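Engineer: This structure is in structure tokens; I'll ask about it shortly.
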Amino acid sequence: MTAILSKYAEIVGWDVIDQLHQLVDPLKGIKVVHVNSTKQGGGVAEILNKLVPIKKELGIDVSWEVIEGNAEFFKCTKNFHNALQGNKVEIPHSLLKSYEEVNRQNAERLRARLEEAEFVFIHDPQPAPLLSYCPDRKGKWIWRCHIDASRPYRAIWKYLSNFITGYDASIFSLAAFAQALPHKEYLVPPSIDPLSEKNIDLDRQEIEAVVGGLGIDLDRQIMLQVSRFDTFKDPVGVIHAYRLTKKFVPSLQLILAGGEATDDPESQTVLDEVRTAAGGDRDIHILLLPADAHRTINALQRAADIVLQKSTREGFGLTVTEAMWKGKPVIGGDTGGIRIQVVNHQTGFLVNTPEGAALRTRYLLFHRDLLLEMGAKARNFVRENFLLTRHLREYLTLMVSLLHGRGDRIELD
Amino acid sequence: MAEPKKRHQAFEIKDCALAALATGQRAQNLKELRDRVRSVNPGSIYYHFWGGLLKPRFDDPEYNNDFASWVRHALHDKVLADRLGMIDPTEYPDMQDLRRELLDIIEERLDESEHLHWCGLDQQFYFITSQIVVFNTRKYIKKARELVTMIPAMTASSVFYHFIDARRRTFGNIDDFRSWLYGFDGQYVGLCERLSEVDPFFSTLTELRQQLADIFTLYFKENDR
């Protein structure tokens, strides 16, 4: 047993790690490749940063490739992202051509590795066309959709599905996101890594140093939302909720902490809107953190009294999972993957408006004992359901399932 | 169906993992639910009754199957939710029988209702099915007494496989423990009776494991006296 697996065992139990070893047995010796569009920033890169090393620890020959794109490519794929989340976005033909060309060029670079792998996991729409440029592939190709594609803009979905139908399987985070495709569609919610910089335990001294260093007063109550500056995360709605709450809790501070993702060209526009909405309020702290500021985010989440994720659309919402793991009940938008994490009155509250968010914030600030009780339930719920080990188990299970059979029961000897 | 194991056979401890799959079927009102229940594959009926034990859910759910829970929380029909919640799937090892029972209850409610209950687009019932991957842990026991130490060391999914999934594949539709213990020429009839009284439907798998551990511990302690 390696040192890293022992550390996971301390958190989730040895039985869980033993089970991973048993599931890996029939997969020993196979080559697996993951492909996405960014090494840092955003939930996908974060998951791969952890999933890939632990798969290696378990004895799988796994690698992670990142496609290289230009500004036009990322503009196009950002539009795909918005369209899959339901926005009616018309994408110029020239951008679509650029998208296909970038994929063709990346295929030239990656073809040998992709074609020899037994499993290729392609994450999100950015690298989806790679399959069509790898005609001699020998393995199973799986398209992993991390986006809330429950009601996509049909014209764009129709275009993208041309690239996706050829895959052997796809994975969606929730059943509601799955689209009609001519192959198996697995359901695997994502996860967080309890041993990552973003989630490991921090001592009080470090939290105070980090948060105090950002000009935030730890003696006053803190409301926090951590997410990219993206309209679907509704940061302006959070400012509205803060203002409604501040009438009753004058000392309240709000932190909007956003990371930069290299594949999101719209974040600057949203950031400008947020700054305008914040006006000159010195108790609103807008933090534009570098992509590797994991420990800072960890400290902010631990220091916060109230954590919000007031998204209007959300694939899963890993920031919700992170806050719950730190014992915080979350006030989250009643949408997508937030719904399977935030259980009303148990692990947090689901809300649809800034007023709803403000009301629940006041409620939790008033009922401190309940806040702690719900936070403890939230942490336990994450331990049992949303840690990396569960995610990995489901990936291994679907790989075994794709290798070994079509029926509803696969017996491994 | 597997025959009860003979005395000399060891009890092999197996484990399982469930891969959940979307079926593409969904329902927004009761008639749609009935139509989909009629045609969806049996694995989906199984998943919505039993799969809950192996997927994320919060402790102590009010309803123990997905149909009842959806009818209550999305359609807001408490009467039907309570009726669906009373279905005991252990009485229906054949999924077609369970499907018929489900349909009877839904049809009865449709006959009683003047208005059709609908839910919002984002609260639809999505039919999910699953594939179960079963693997051998390479652990086994030969004596019944060893169950006392073995049960607490089993994973939750191993408990699922031996105590719940077993009902689909054993002679008499019983759990694997009883199936094995019956092979000891009547020596453990009393223990099997206690196991038969365990209702697995409202427990989490962790609670179920504890319940089984308690039964085995107590039984062998009593028999040592």
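The values are calculated or read from the model by the stated rules, or taken from the named source; none is laboratory data. Worth saying up front: this structure is predicted, and the values here are computed from it rather than measured. No Cβ is skipped: glycine too gets one built from the backbone with ideal geometry, and neighbour counts run over all protein chains shown.
Engineer: For segment A:177-191, check the following and say yes or no: at least one residue is within 23 Å of A:Leu95 (Cβ to Cβ) and either in the same structural domain as A:Pro92 (by TED's automatic domain parsing) or in contact with a His (Cβ under 6 Å, 6 or more places away or on another chain) (or both).
Structural biologist: yes
Engineer: So which of B:Ser179, B:Ser158, B:Ser196 is free of Cβ contacts under 8 Å to residues at least 40 places away in the same chain, at negative phi and of a type in the set (S, T, N, Q)?
Structural biologist: One residue alone meets the criteria, B:Ser196.
Engineer: Does segment B:74-117 hold any residues that are closer than 30 Å to A:Gly333 by Cα and surrounded by fewer than 16 Cβ atoms within 10 Å (Cβ to Cβ), and which are they?
Structural biologist: Of everything in segment B:74-117, those that are closer than 30 Å to A:Gly333 by Cα and surrounded by fewer than 16 Cβ atoms within 10 Å (Cβ to Cβ) turn out to be B:His76, B:Lys78, B:Val79, B:Asp82, B:Leu116.
Engineer: Could you check how many residues of segment A:256-308 are within 23 Å of A:Gly356 (Cα to Cα), under 17 Å from the mean Cα position of the chain (by Cα) and at pLDDT 95 or above?
Structural biologist: Residues in segment A:256-308 being within 23 Å of A:Gly356 (Cα to Cα), under 17 Å from the mean Cα position of the chain (by Cα) and at pLDDT 95 or above: 4 in total.
Engineer: Can you pull out the residues in segment A:331-348 that are within 14 Å of chain B (Cβ to nearest Cβ), crowded, with 17+ Cβ neighbours inside 10 Å and not polar (S, T, N, Q)?
Structural biologist: Scanning segment A:331-348 gives A:Gly333, A:Asp334, A:Gly336, A:Gly337, A:Ile338, A:Arg339, A:Ile340, A:Val342, A:Val343, A:Gly348.
Engineer: Tell me which of these A:Leu195 doesn't satisfy, since it passes every other one: (1) away from chain B (no Cβ under 14 Å); (2) farther than 20 Å from A:Leu387 by Cα; (3) among the aliphatic types (A, V, I, L, M).
Structural biologist: Condition (2) is where A:Leu195 drops out.
Engineer: For the structure I just gave you, tell me whether A:His391 is of a type outside the set (Gly, Ala, Ser), out of contact with any Lys or Arg (no Cβ under 6 Å at 6 or more places or on another chain) and surrounded by fewer than 16 Cβ atoms within 10 Å (Cβ to Cβ).
Structural biologist: For A:His391, the condition - of a type outside the set (Gly, Ala, Ser), out of contact with any Lys or Arg (no Cβ under 6 Å at 6 or more places or on another chain) and surrounded by fewer than 16 Cβ atoms within 10 Å (Cβ to Cβ) - is not met.
Engineer: Out of (1) in the same structural domain as A:Gly139 (by TED's automatic domain parsing); (2) under 26 Å from B:Leu54 (Cβ atoms), the odd one out for A:Asn199 is which?
Structural biologist: Here A:Asn199 meets the rest and fails (1).
Engineer: Another question about this same structure. Filtering segment A:329-367 down to residues that are at pLDDT below 95 and of a type in the set (D, E, K, R), which residue is farthest from B:Gly120 (Cα to Cα)?
Structural biologist: By that ranking, first place goes to A:Arg339.
Engineer: Name the strands (runs of 3 or more DSSP E) wholly within segment A:307-413 that hold at least 2 residues that are touching a residue at least 12 places away in the same chain (Cβ under 8 Å), in the same structural domain as A:Val249 (by TED's automatic domain parsing) and of a type outside the set (S, T, N, Q)?
Structural biologist: It comes to A:330-333, A:348-351.
Engineer: Just to verify a result, which residue in segment A:309-328, among those that are closer than 18 Å to A:Gly356 by Cα and surrounded by fewer than 24 Cβ atoms within 10 Å (Cβ to Cβ), is modelled with the highest pLDDT?
Structural biologist: A:Thr312
Engineer: Considering only segment A:50-77, how many residues are in contact (Cβ under 8 Å) with a residue 40 or more places away in the chain and within 30 Å of A:Leu387 (Cβ to Cβ)?
Structural biologist: 11
Engineer: Could you give every pair whose Cβ atoms fall below 6 Å, whose first residue belongs to segment A:89-117 and is farther than 19 Å from A:Val32 by Cα, and whose second residue is surrounded by 16 or more Cβ atoms within 10 Å (Cβ to Cβ) and among the charged types (D, E, K, R), counting only separations of at least 6 or pairs across chains?
Structural biologist: Filtered contacts from segment A:89-117: A:Leu95/A:Glu72; A:Ser98/A:Glu72.
Engineer: Looking at (1) at the interface with chain A (Cβ under 9 Å from one of its Cβ atoms); (2) closer than 30 Å to B:Cys192 by Cβ; (3) in contact (Cβ under 8 Å) with a residue 60 or more places away in the chain, which is the only condition B:Arg138 fails?
Structural biologist: (3)
Engineer: Right, something else. So, in segment B:20-51, of the ones that are within 12 Å of chain A (Cβ to nearest Cβ) and closer than 14 Å to B:Tyr161 by Cα, which residue ends up surrounded by the most Cβ atoms within 10 Å (Cβ to Cβ)?
Structural biologist: Ranking the candidates gives B:Tyr47 first.
Engineer: Checking the condition more than 14 Å from chain B (Cβ to nearest Cβ), modelled with pLDDT of 95 or more and in contact with a helix residue (DSSP H, G or I) (Cβ under 6 Å, 6 or more places away or on another chain), which residue from A:Trp141, A:Trp157 passes?
Structural biologist: Criteria check complete, one pass: A:Trp141.
Engineer: Hey, could you check segment A:19-43 for residues that are of a type in the set (Val, Ile, Thr) and more than 14 Å from chain B (Cβ to nearest Cβ) and say which is nearest to A:Thr321 (Cα to Cα)?
Structural biologist: So the residue we want is A:Thr38.
Engineer: A follow-up question, please. Has segment A:25-40 got any residue that is assigned to a helix (DSSP H, G or I) and either surrounded by fewer than 18 Cβ atoms within 10 Å (Cβ to Cβ) or without any contact (Cβ under 8 Å) to a residue 40 or more places away in the chain (or both)?
Structural biologist: Looking for residues that are assigned to a helix (DSSP H, G or I) and either surrounded by fewer than 18 Cβ atoms within 10 Å (Cβ to Cβ) or without any contact (Cβ under 8 Å) to a residue 40 or more places away in the chain (or both), one finds at least one in segment A:25-40, hence yes.
Engineer: Looking at A:His367, A:His391, which is the one that is within 12 Å of chain B (Cβ to nearest Cβ) and out of contact with any Asp or Glu (no Cβ under 7 Å at 6 or more places or on another chain)?
Structural biologist: Testing whether each residue is within 12 Å of chain B (Cβ to nearest Cβ) and out of contact with any Asp or Glu (no Cβ under 7 Å at 6 or more places or on another chain) leaves just A:His391.
Engineer: Being surrounded by fewer than 23 Cβ atoms within 10 Å (Cβ to Cβ), of a type in the set (A, V, I, L, M, F, W, C) and within 14 Å of chain B (Cβ to nearest Cβ) is the requirement here; does A:Leu359 meet it?
Structural biologist: So A:Leu359 fails the test.
Engineer: If you go through segment A:210-233 one residue at a time, how many are touching a helix residue (DSSP H, G or I) at 6+ places or on another chain (Cβ under 8 Å) and either modelled with pLDDT of 95 or more or not assigned by TED's automatic domain parsing to the domain that holds A:Gln309 (or both)?
Structural biologist: 11
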